[in-house]
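The values are calculated or read from the model by the stated rules, or taken from the named source; none is laboratory data. Please read all numbers here as calculations on a predicted model, not as lab measurements. Here the Cβ positions follow ideal geometry from the backbone for every residue, glycine too, while neighbour counts run over all protein chains shown.
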Amino acid sequence: MEEKKSACHKAYSPKRARQMSHESYKAVVIGLGPSGAAALKRLNELGISAIGIERKKTPEEPAVCGEFLPEPSEITFISKYPSVKKAFEYIGYTEKTNIIKRIFLEFERYRKYHLKIGGFTISRKEMVNKLIENANVVTGDDVVAIKQLEKGYLVKTRKGREIQADYIVAADGFPSLTRRLLGDNTALDPIDYALGINLKMEVPNFPQSDIYMYSSKDTPGGYAWIIPIGNGMANVGIGIRGNYIKGNITPVVFLEKFIKVFNSSYLRDAKPLEPPRSRWIPVTGFYSTPVIGRTLFVGDALGAVNPINGGGIFTAMALGVLAAESIWLENLDVYRERAWNEIGKILAIGRKYRALVDFLYDHWEVAPVATRFFPEDLLTKIIKGEETFMEKIIFSGKGRKTSYQPR
């Protein structure tokens, strides 16, 4: 039975799981970011006994993310699916911190695009902690071993907790320790993952209804961003592809360069509110099997980020919802099929578009000419990850050629 929405607006007070010998649950969720929190919430709604484990003492503290989401009406090619609708329902449990009316994308001052994509920002920390209210959770602890049983698993944590569960939902990010513990040593080439670096800043001279994206030879393989989050603040960051991080290069230098370039314009009088923080992000779509035995992989542990724009909150949460519903049905084939049909095949389109980015950074000298051939309407669809005629004529390019597809 689904809880009333108002119940999710109580103060954060998840039930702390009692220390027991061989606690037993139908499912254990490893990792309580957006995907894990959505899975745990949906499991509870469906009456499935479940527990969540999160290595941070407070989930999503800190959150390394731009925290922007498009309005569902802007992405109907994916928001039409039931899992994505449920994800946006969960996102609605937290207040929007800012409303975004337009996005500007600039290619090193060669061309500046005005992309008509409306959306909003949220606090990931607030959203996740609302989703896990009244759930059984263990925080400040992490999984170190998984033993396969006749039916299910025995999960052991660093602090000595032992949990027996029929199913695991692996939401432990990239690279996923759960995958390795279960014998899946899938490795990605550096071109197929990025380092995202972000910090919050006071930005008194930046318009709060605009997002600014910047692409140059100093944002190798990705882009930099200024995403206002309300109250005169913004998430300021950069994504750098792994194949450009070499030798003695310190990735934060690229972020510092970006801030310096715009410290007399967009970032005039800007002040950092925290040190930069980073995390690894897979940017190739589904990169391995979504199911191993009775373990279902969601979020970055599967590859939920759209390779063309770096967004992954609602797609990760949709996978968490699908994993929970498959456990409720006790049919993991449902997850294999729906995960691909509702999320994976859309990310595969973004993976094809990423080949354009790869080409551009390999041949940056042609950027002034190449950017002339993309009208704003077409580029808007590409950045969203929407299907266009371009997707049908692009080869996957370098890196992992195809995302995982169900047999």
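Restricting attention to the stretch 283-303, the residues being more than 17 Å from Tyr167 (Cα to Cα) and part of a loop (DSSP other than H, G, I, E, B) number 7. Whenever a residue of the stretch 60-79 is modelled with pLDDT of 95 or more, its partners that are part of a loop (DSSP other than H, G, I, E, B) and of a type in the set (D, E, K, R), lying with C-beta atoms within less than 6 angstrom and at least six residues away or across chains, give the pairs Phe77/Glu386. Within the option set Glu376, Glu365, Glu391, being of a type outside the set (Phe, Trp, Tyr), in contact with a His (Cβ under 8 Å, 6 or more places away or on another chain) and either surrounded by fewer than 15 Cβ atoms within 10 Å (Cβ to Cβ) or at pLDDT below 90 (or both) holds for one residue only, Glu376.
Each residue in the stretch 63-75 was checked for being buried (at least 16 other Cβ atoms within 10 Å of the Cβ) and farther than 14 Å from Ala37 by Cβ, and 9 pass. Being closer than 19 Å to Asn309 by Cβ, β-branched (Val, Ile, Thr) and crowded, with 22+ Cβ neighbours inside 10 Å is a property that holds for Val236. Total residues in the stretch 304-350 satisfying the condition of being in a loop (DSSP other than H, G, I, E, B) and farther than 23 Å from Ser278 by Cα: the figure is 2. Just checking, does the stretch 366-375 include any residue being under 20 Å from Ala194 (Cβ atoms) and part of a helix (DSSP H, G or I)? Yes, the stretch 366-375 contains at least one residue that is under 20 Å from Ala194 (Cβ atoms) and part of a helix (DSSP H, G or I). Can you find a residue that is among the acidic types (Asp, Glu), surrounded by fewer than 16 Cβ atoms within 10 Å (Cβ to Cβ) and under 16 Å from the mean Cα position of the chain (by Cα) anywhere in the stretch 76-99? Among the residues of the stretch 76-99, not one is among the acidic types (Asp, Glu), surrounded by fewer than 16 Cβ atoms within 10 Å (Cβ to Cβ) and under 16 Å from the mean Cα position of the chain (by Cα), which makes the answer no. Those residues that are touching a helix residue (DSSP H, G or I) at 6+ places or on another chain (Cβ under 8 Å) and touching a residue at least 12 places away in the same chain (Cβ under 8 Å), I need them from the stretch 362-373; list them, please. Once the filter is applied, which keeps residues that are touching a helix residue (DSSP H, G or I) at 6+ places or on another chain (Cβ under 8 Å) and touching a residue at least 12 places away in the same chain (Cβ under 8 Å), the stretch 362-373 yields only Ala367.
Which one is surrounded by the most Cβ atoms within 10 Å (Cβ to Cβ), of the residues in the stretch 180-217 that are of a type in the set (Asp, Glu) and within 28 Å of Thr371 (Cβ to Cβ)? Looking at the filtered set, the residue picked out is Asp192.
Residues that are part of a strand (DSSP E or B), surrounded by fewer than 17 Cβ atoms within 10 Å (Cβ to Cβ) and of a type outside the set (Gly, Ala, Ser) within the stretch 132-163 comprise Val144, Lys147, Gln148, Leu149, Leu154, Lys156, Glu162, listed in sequence order.
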